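Have a look at the structure below, then the notes.
The values are calculated or read from the model by the stated rules, or taken from the named source; none is laboratory data. None of these values were measured; they are calculated from a predicted model. Neighbour counts run over all protein chains shown; Cβ positions are idealised from the backbone, glycine included. Accessible surface areas use protein heavy atoms only, side chains included; no ligands, DNA or RNA. Shrake-Rupley method; radii C 1.70, N 1.55, O 1.52, S 1.80 Å.
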Amino acid sequence: MKLHSAMNASIKNMAVTALRFFARNRTEFQFVTKLVPALRAGAKRRNKSEKSGVHIPPFLIASVSSQCNLRCAGCYARAGGSCGDEKSDDELTTKRWGELFTQAEELGISFILLAGGEPLMRRDLLSEAAAHSKIIFPVFTNGTLIDDAYFELFDSHRNIVPVVSIEGDDAVTDARRGQGVAIGLRRAISGLHARDIPFGASVTVTGENLEAVTSPRFVAELQESACRIVFFVEYVPVDEISVGLVLSEAQREELARRVSALKAGCKDVAFISFPGDEKELGGCLAAGRGFFHINANGNAEPCPFSPYSDINLKEHGLLEAINSPLFARVRAQDILSAEHSGGCVLFENRDIVSTLAE
Ligand code: SF4
């Protein structure tokens with residue numbers, strides 16, 4: 001099955017899953033019944049583009065903040081310099097992001113993952129995203145900045161779905177993210193649960209926490225807190241020291257086996273493995289195949305773990321970024337479907353990508 005049709009099929013499954021997971025009360029049901037036609041309209045637009053020879057990815061990853069309030073060990077964004085304590089003067093404005101969200105809807109991009117740095121440090125931008133009700137915005141957040149105003153925003157705008165980062169039990173989470181972060185996270189999770197706001201969890205899987213974060217006990221705890229979707233993200237190293245945390249080939253197979261068992265056994269939580277699930281779609285989905293990345297300063301990049309760019313969204317539109325010469329060169333490489341040992345094939349082949357970017 002061609003990539004385009006395969007992606008539309010998996011989004012259709014997602015819509016059915018959303019109906020199952022996100023239509024548990026009147027508010028959610030009303031939201032999902034509006035969402036499904038919007039997803040259908042998006043697929044229709046992508047189909048039309050595909051027929052005219054332009055492949056439009058259904059997903060976009062937008063790292064909207066160059067700032068973060070935490071200093072997690074092994075943070076890819078901090079190590080790569082795309083995130084720090086201070087806000088970059090070069091950040092895309094909220095107005096420009098709003099224009100890009102409108103372009104995304106017009107092209108048929110249905111999901112925009114908001115990341116960073118810490119996206120909740122851009123409150124005005126979250127409100128801007130909320131206004132684009134035909135697009136789903138999973139917001140990957142460390143959860144420590146969720147306050148009453150954010151509870152209110154998530155409650156009244158169900159197209160904004162908080163996805164909180166968690167590493168395992170409190171001790172493991174604090175060890176990586178800083179003393180006291182786990183308590184803040186628990187407060188955020190119980191607040192979302194108490195208001196019946198759908199949320200997800202993002203778990204960075206390393207060779208050290210694989211057992212713990214795929215254990216029935218850990219998943220049961222998330223389930224009890226009404227978490228609806230769990231993203232297992234394989235760890236990508238930031239330096240020679242953290243290479244030891246990368247999953248070995250045997251551990252990657254074990255992760256895949258455990259995620260399939262969870263998908264089969266646990267019917268009221270959805271599980272997504274990244275990049276594990278890409279295999280079913282013929283390999284890495286970066287560089288516009290399934291998604292691409294925009295960093296906080298507007299550079300269009302193949303993926304958050306591949307910080308190379310030949311187009312900036314301050315001067316160019318989304319369609320120009322999708323058709324960027326760099327993306328075309330990367331897609332033309334076999335590396336996207338190649339077997340790879342770490343969490344990211346483009347990170348592993350960064351020398352090739354940097355040559356293509358020159
Ligand atoms: S919360 Fe995210 S962006 Fe911030 S330091 Fe931690 S890993 Fe990095």
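So Gly184 fits all but one of (1) buried (at least 22 other Cβ atoms within 10 Å of the Cβ); (2) at pLDDT 95 or above; (3) within 16 Å of the ligand (Cβ to nearest atom); what number is the exception?
For Gly184, the failing item is (1).
With the condition kept exactly as written, say whether any residue in segment 323-345 is open to solvent by 50 Å² or more (accessible area, probe 1.4 Å) and within 18 Å of Ala6 (Cβ to Cβ).
Within segment 323-345, one or more residues are open to solvent by 50 Å² or more (accessible area, probe 1.4 Å) and within 18 Å of Ala6 (Cβ to Cβ).
I'd like the full set of residues that are among the charged types (D, E, K, R), over 18 Å from Glu167 (Cβ atoms) and surrounded by 14 or more Cβ atoms within 10 Å (Cβ to Cβ), limited to segment 216-253.
We begin by selecting, within segment 216-253, every residue among the charged types (D, E, K, R); these are 217, 221, 224, 228, 234, 239-240, 249, 252-253.
Adding the requirement that they be over 18 Å from Glu167 (Cβ atoms) leaves 224, 228, 239-240, 249, 252-253.
Correct list: Arg228, Arg252.
With the checklist (1) open to solvent by 40 Å² or more (accessible area, probe 1.4 Å); (2) in contact with an Asp or Glu (Cβ under 7 Å, 6 or more places away or on another chain) in hand, flag the one item Cys284 doesn't pass.
The failed condition is (1).
Quickly run through segment 187-199 and pick out the residues that are closer than 18 Å to Ala220 by Cβ and modelled with pLDDT of 95 or more. Break it down into steps so the answer makes sense when it comes.
Filtering segment 187-199 for residues closer than 18 Å to Ala220 by Cβ gives 189-190, 192-193, 199.
Listed by number, the residues that qualify are Ile189, Ser190, Leu192.
Kindly provide the set of residues from segment 130-140 that are open to solvent by 60 Å² or more (accessible area, probe 1.4 Å) and either of a type in the set (Gly, Ala, Ser) or part of a strand (DSSP E or B) (or both), ordered by number. Step through it out loud before you land on a result.
Taking segment 130-140 and keeping what is open to solvent by 60 Å² or more (accessible area, probe 1.4 Å), we get 131, 133-134.
Within segment 130-140, Ala131, Ser133 meet the criteria.
Please verify whether segment 153-161 includes one or more residues that are basic (Lys, Arg) and in a loop (DSSP other than H, G, I, E, B).
Of the residues in segment 153-161, the ones basic (Lys, Arg) are 158.
The next check asks that each one be in a loop (DSSP other than H, G, I, E, B); those that pass are 158.
Yes, the conditions are met somewhere in segment 153-161.
So which of Gly168, Gly108, Gly143 is more than 10 Å from the ligand (Cβ to nearest atom), open to solvent by less than 10 Å² (accessible area, probe 1.4 Å), at pLDDT 95 or above and at positive phi? Quick ask: steps written out before the conclusion?
On the way: Gly168 fails: at pLDDT 95 or above; Gly143 fails: more than 10 Å from the ligand (Cβ to nearest atom).
Of Gly168, Gly108, Gly143, the one residue that is more than 10 Å from the ligand (Cβ to nearest atom), open to solvent by less than 10 Å² (accessible area, probe 1.4 Å), at pLDDT 95 or above and at positive phi is Gly108.
What's the number of the condition Ser127 fails, among (1) over 19 Å from Glu167 (Cα atoms); (2) surrounded by fewer than 17 Cβ atoms within 10 Å (Cβ to Cβ); (3) within 10 Å of the ligand (Cβ to nearest atom)?
The one condition Ser127 does not meet is (3).
For the list (1) in contact (Cβ under 8 Å) with a residue 60 or more places away in the chain; (2) farther than 13 Å from Ile61 by Cα; (3) of a type in the set (A, V, I, L, M), I need the number of the one condition that Ala264 fails.
(1)
Would you please name the residue that is farthest from the ligand (Cβ to nearest atom), looking only at residues in segment 90-105 that are surrounded by 21 or more Cβ atoms within 10 Å (Cβ to Cβ) and without any contact (Cβ under 8 Å) to a residue 60 or more places away in the chain?
In this case the residue turns out to be Phe101.
Quick one: in segment 346-355, which of the residues that are open to solvent by 60 Å² or more (accessible area, probe 1.4 Å) and touching a helix residue (DSSP H, G or I) at 6+ places or on another chain (Cβ under 9 Å) is modelled with the lowest pLDDT?
Quick first cut of segment 346-355, residues open to solvent by 60 Å² or more (accessible area, probe 1.4 Å) only: 348, 350-352, 355.
Adding the requirement that they be touching a helix residue (DSSP H, G or I) at 6+ places or on another chain (Cβ under 9 Å) leaves 348, 352.
Details: Glu348: 84, Ile352: 91.
Per the criteria, the residue is Glu348.
Run Lys87 past the list (1) part of a helix (DSSP H, G or I); (2) free of Cβ contacts under 8 Å to residues at least 60 places away in the same chain; (3) away from the ligand (no atom under 13 Å from the Cβ) and report the number of the one that doesn't hold.
(1)
Enumerate the pairs (first residue in segment 39-53 and basic (Lys, Arg); second residue anywhere and not in a helix (DSSP H, G or I)) with beta-carbon separation below 7 Å, excluding pairs fewer than 6 apart on the same chain, so at least 6 apart or on different chains.
Short answer, once both residue conditions are applied: Arg45/Gly108; Arg46/Ile56; Arg46/Pro58; Arg46/Gly108.
Cβ-Cβ distance below 8 Å, separation of 6 or more or different chains: which pairs start in segment 176-190 with a residue that is at positive phi and end on one that is of a type in the set (A, V, I, L, M)?
Within 8 Å, the pairs are Gly178/Leu70.
So is Cys75 hydrophobic (A, V, I, L, M, F, W, C), touching a Cys at 6+ places or on another chain (Cβ under 6 Å), within 13 Å of the ligand (Cβ to nearest atom) and at negative phi or not?
Values: hydrophobic (A, V, I, L, M, F, W, C): yes; touching a Cys at 6+ places or on another chain (Cβ under 6 Å): no; within 13 Å of the ligand (Cβ to nearest atom): yes; at negative phi: yes.
Here the answer is no, as Cys75 does not meet what is asked.
Which count do you get for residues in segment 191-216 that are closer than 21 Å to Ser273 by Cα, touching a residue at least 12 places away in the same chain (Cβ under 8 Å) and not in a helix (DSSP H, G or I)?
Start the filter on segment 191-216 by keeping residues that are closer than 21 Å to Ser273 by Cα, which leaves 198-216.
Filter once more, keeping what is touching a residue at least 12 places away in the same chain (Cβ under 8 Å): 198-210, 212-214.
Right, trim to not in a helix (DSSP H, G or I) and you get 198-209, 214.
Counting residues in segment 191-216 that are closer than 21 Å to Ser273 by Cα, touching a residue at least 12 places away in the same chain (Cβ under 8 Å) and not in a helix (DSSP H, G or I) gives 13.
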